[in-house]
Each structure stands twice: as structure tokens, then as C-alpha cells.
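Below is one structure, written out as C-alpha cells, with a few remarks after it.
None of the figures in this text is laboratory data; all of them are computed from the coordinates on show. From a predicted model like this one, the values you see are computed outputs, not experimental measurements. Using ideal geometry, Cβ is built from the backbone for each residue, glycine included, and neighbour counts are taken over all protein chains shown.
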């Protein structure tokens, strides 16, 4: 792939070539990202959207808890907690929850009762403070955060120092720059690499590069899940929402309907389906469920 905006990292993922400073990026998230409804965040959601948000959390929680070696409830850290839906889900189950983010605006808008459990600031400094006081967590959730930070490798190393030896790290990233995407582009079905989103995303991962960065920073991959492959609509000119943005709402509505049908079969069946998607490189997002490798064990 040749794109002047991006360069290939040694671990296989793509990263933005002309990068902002940490201060510029922090200011962007604190002042603009949530407040202007960037990314997938909204000031309100229709019921069918909330249903799918909660289905995704339940499916990923089921996979994480199947890998966790603990019993009952534990201690959760949601890094880049966004709107607080994950915090709310685990708090209701009796977990001790903490969230950190550049901004509390998303939580205050959607789950204000979780705001007291959220600390706002630079996530690297907030994580380092927890490392220094020897904090430990049974479950760390990193949902659509890794692609936003300037140092994803450093972030994965920092989290390795916070997850208990029997704990689990859940990492979700957009599934970008895949063979499928490049095929659409080379065949003229899309006229641009729509998934390149600067300054929102500093790095771009697929299932393979997510596995590589994980294994290179002290993690063992317990499972990989895709999610609904909305990008399949791009192969059909009648539903290509990149070529014709007016088709986007219809594609999104179809996604919500189909996710609800898949989710109605329960988390285990849904996760088998989504694991198969990850195996063939499909899904708008990909989620890795990671366990810490024993110290001194590189394999």
C-alpha cells in the first residue's frame, strides 16, 4: 500500500506520518471530540442503537469472563471510557470500576451516574500514577482507544504492568487497511481510503497487526473477534455508502437489524460467528482478548 499520509511501523500496523504533538492531541479530545460528535459518539441514541451497544458489550464481556481465572466480581479499569456504558454494565454486576479519559463529557452525557468513577486527563500519566502505586486490575477494557494515541506500543506495555497475572485485557480497534479494503480501492469500488481518519486515528490495525503488537508487548492472545462486517456493503454498487453517502443511513440501519438478530442467539453463538469473521479478516472492528505472558517468557 502506498499512501503519503501513512507509514508502516516495524510491528506491521500503519501510523500517521505527520503527527501532532501530545499537547495538540490532548486539546483536540478535551475540547472537540465528544462535544462535536466526532467518531461514533452522539448526544443521544435511538433505542435500536442502544440495544446494539449493549449487545456488543455483553458479547465481549462474555468472552473476557470466559478467559478470566477469577470468580464472582473483580476490579475493572476502562481506559478511554468514552460514554461509560462499560462502566455501567460492570458496576451493575458488583464490580469495582474506574474509568480514565481525556474528557468526561461523554460519560456526563450518557451515563452521568458513572462520572464520579472517572478521572480526566492524559491517559499515559493517569496509567503511570496507577503503576507507581502498584494498582492491579482483573479486567482492563481498551475500547477503540489504541488507534487514537501517539504511542500504542508504550500503551500496551503500560497496561501489561496493571493487569493481574490471571486477568484479561480487552482491546478493540477498527479493522482498517485490510486486503479487502485494498481490493475495493484497486478495483475502483471506492475512490479513497475512507478509513484513514486524521487527526482522530493515529494508527491503523487489522487482525494480524493487532496480534503482532499484542504478542510483542507481553501478551498472549486468548481470542480474536470481528464484529458486523458493514464494509461488505461497499462491494455492491447499490449499497456502496462511500461512493454515495446517502446510502450510509440505510447501511447502518441494516447493520443494527442484523446485529440484533445475531445477538438474539446469545453471546456464545454470536462470538463463534464473530470469531470466524476475524479468521478471514472481516468485521468493521476487531477485538483481542489478551492474557499477560509470565514475566521473562517471550512466547
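Based on the mean of other beta carbon atoms within 10 Å per residue, what is the order of 76-84, 193-201, 59-67, 138-146, most packed first? Write down the numbers at each step before the final one.
Details: 76-84: 25.9, 193-201: 17.1, 59-67: 19.4, 138-146: 23.3.
The most tightly packed comes first, giving 76-84, 138-146, 59-67, 193-201.
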Legend entry - Highest to lowest packing among 148-155, 170-177, 124-131, scored as the average C-beta count within 10 Å: 170-177, 148-155, 124-131
Inset, instruction - Choose one answer from 182, 44, 119: the residue with the largest mean-square fluctuation in a GNM of the chain with alpha-carbon springs under 10 Å. - result: 44
Inset, instruction - Please arrange 274, 180, 45 by counting, for each residue, the other beta carbons lying within 10 Å of its beta carbon, fewest first. - result: 45, 180, 274
Inset, instruction - Taking Rg and Dmax of the Cα atoms in Å as the quantity of interest, determine which of (i) 20.0, 68; (ii) 18.5, 56; (iii) 22.9, 77 was computed from the displayed structure. - result: (ii)
Legend entry - Cα pair distances in segment 145-295, grouped into 10 Å bins until the bin that holds the longest one, percent each: 11, 35, 35, 16, 3, 0
Inset, instruction - Looking at the chain, send over the antiparallel percent of its DSSP beta bridges, to the nearest 5. - result: 50
Inset, instruction - Taking 7 Å along the Cα-to-C-beta vector as the label spot, tell me the residue 96-residue 119 distance in nanometres, rounded to one decimal. - result: 1.3
